[in-house]
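A.B. asks: Just passing along the structure, written as structure tokens.
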Amino acid sequence: MKIKPVQIAVDGFSSCGKSTLARELAKELGYIYIDSGAMYRAVTLYALKNRVFDNDKLDKPLFLTILKEIKIHFELDKNNNPITFLNNQNVENEIRQIEVSSKVSIISAIPEVRERMVKLQREMSKDKSVVMDGRDIGTIVFPDAMIKFFITADLDVRAKRRFDELAEKTSKANFDEVKSNLAERDLLDQTRLISPLKRAENAILIDNSNLDRKEQLDIAMKHVKNILNEG
Ligand code: DC
């Protein structure tokens, strides 16, 4: 008998620990982890490399032409963590830089980009049990996902986490810049016309401002086990 694949959607604000939770859930359950934000970041990196921005102004016709050239895939490193590839090049570190973060909300609000990414996300998850994190996974990508989480945390807590993460990789990290970028992305992600960030009606809310990784994982795993046992 063929077992029906399970989809777990993990949505929420920028830098709220969604990816950490999604990755750990996938490891616990033996499912595939897909970081949908990395895909929007890779498209943004390609746009920046091809100079489609004049400050904040996007040359949309040029962008739509280069969008067709973009190929994104993931490979696993030796610890089984996904590495993002853009046109067969490892861009995992580059896509986390602040230059990409500051433009990604503009790129991810473009309908043609979302259409392509959502299609790719569904293809990557075909016939496999997955945990996918993002902004619209429980609402648009997998509206029928068996399990949905919506993760949140205070802005200051999130800014500190993202700052610490960046400071490990680069000496250029600046706390105020990181915090204002998060606040700006929250606003743009929530107010964009297509697929805005919002909690799916049946998503389980977790505020992890005062939780460590292990506590968050334990709470989420309890929900997962309950739902899988019911189903
Ligand atoms: O999860 P992240 O911070 O790496 O995501 C980067 C950006 O991509 C985020 O600001 C909004 C966008 N995004 C999106 O619009 N839809 C998704 N499913 C995932 C990310």
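A.B. asks: Being within 10 Å of the ligand (Cβ to nearest atom) and either closer than 18 Å to Asp35 by Cα or surrounded by fewer than 17 Cβ atoms within 10 Å (Cβ to Cβ) (or both) narrows it down to one of Ile194, Ile151, so name that one.
C.D. replies: On the way: Ile151 fails: within 10 Å of the ligand (Cβ to nearest atom).
After ruling out the rest, the residue left standing is Ile194.
A.B. asks: Quick check on the stretch 66-98: of everything there that is surrounded by 14 or more Cβ atoms within 10 Å (Cβ to Cβ) and more than 24 Å from Ala22 (Cβ to Cβ), which residue is farthest from the ligand (Cβ to nearest atom)?
C.D. replies: The selected residue is Ile66.
A.B. asks: From Phe13, Phe53, Phe63, which residue is within 15 Å of the ligand (Cβ to nearest atom) and touching a residue at least 24 places away in the same chain (Cβ under 8 Å)?
C.D. replies: Details: Phe53 fails: within 15 Å of the ligand (Cβ to nearest atom); Phe63 fails: within 15 Å of the ligand (Cβ to nearest atom).
Exactly one residue qualifies, and that residue is Phe13.
A.B. asks: Do we have any residue at all in the stretch 149-161 that's among the aromatic types (Phe, Trp, Tyr) and within 22 Å of Glu24 (Cβ to Cβ)? Write out each step before concluding.
C.D. replies: Quick first cut of the stretch 149-161, residues among the aromatic types (Phe, Trp, Tyr) only: 149-150.
Filter once more, keeping what is within 22 Å of Glu24 (Cβ to Cβ): 149-150.
Yes, there is a match, as at least one residue in the stretch 149-161 is among the aromatic types (Phe, Trp, Tyr) and within 22 Å of Glu24 (Cβ to Cβ).
A.B. asks: A follow-up question, please. For the stretch 20-31, does any single residue satisfy the condition of being within 11 Å of the ligand (Cβ to nearest atom), crowded, with 22+ Cβ neighbours inside 10 Å and not in a strand (DSSP E or B)?
C.D. replies: For the stretch 20-31, residues within 11 Å of the ligand (Cβ to nearest atom), crowded, with 22+ Cβ neighbours inside 10 Å and not in a strand (DSSP E or B): present.
A.B. asks: Being under 22 Å from the mean Cα position of the chain (by Cα) and among the charged types (D, E, K, R) is the filter; apply it to the stretch 40-63 and report the residue that is surrounded by the most Cβ atoms within 10 Å (Cβ to Cβ). Steps first, answer last, please.
C.D. replies: The initial filter retains those residues of the stretch 40-63 that are under 22 Å from the mean Cα position of the chain (by Cα), namely 40-49, 63.
Okay, now just the ones that are also among the charged types (D, E, K, R), so 41, 49.
Working: Arg41: 26, Lys49: 12.
Per the stated criteria, the residue is Arg41.
A.B. asks: Take Ala159 and tell me if it is surrounded by 17 or more Cβ atoms within 10 Å (Cβ to Cβ) and either under 17 Å from the mean Cα position of the chain (by Cα) or within 15 Å of the ligand (Cβ to nearest atom) (or both). Walk me through it before giving the result.
C.D. replies: Details: surrounded by 17 or more Cβ atoms within 10 Å (Cβ to Cβ): yes; either under 17 Å from the mean Cα position of the chain (by Cα) or within 15 Å of the ligand (Cβ to nearest atom) (or both): yes.
Yes: the conditions hold for Ala159.
No value in this document is a laboratory result; all are computed from the given coordinates. Owing to the predicted nature of the structure, the values given are computational and were not obtained by experimental measurement. Cβ: placed from backbone, ideal geometry, glycine included. Neighbour counts: every protein chain shown.
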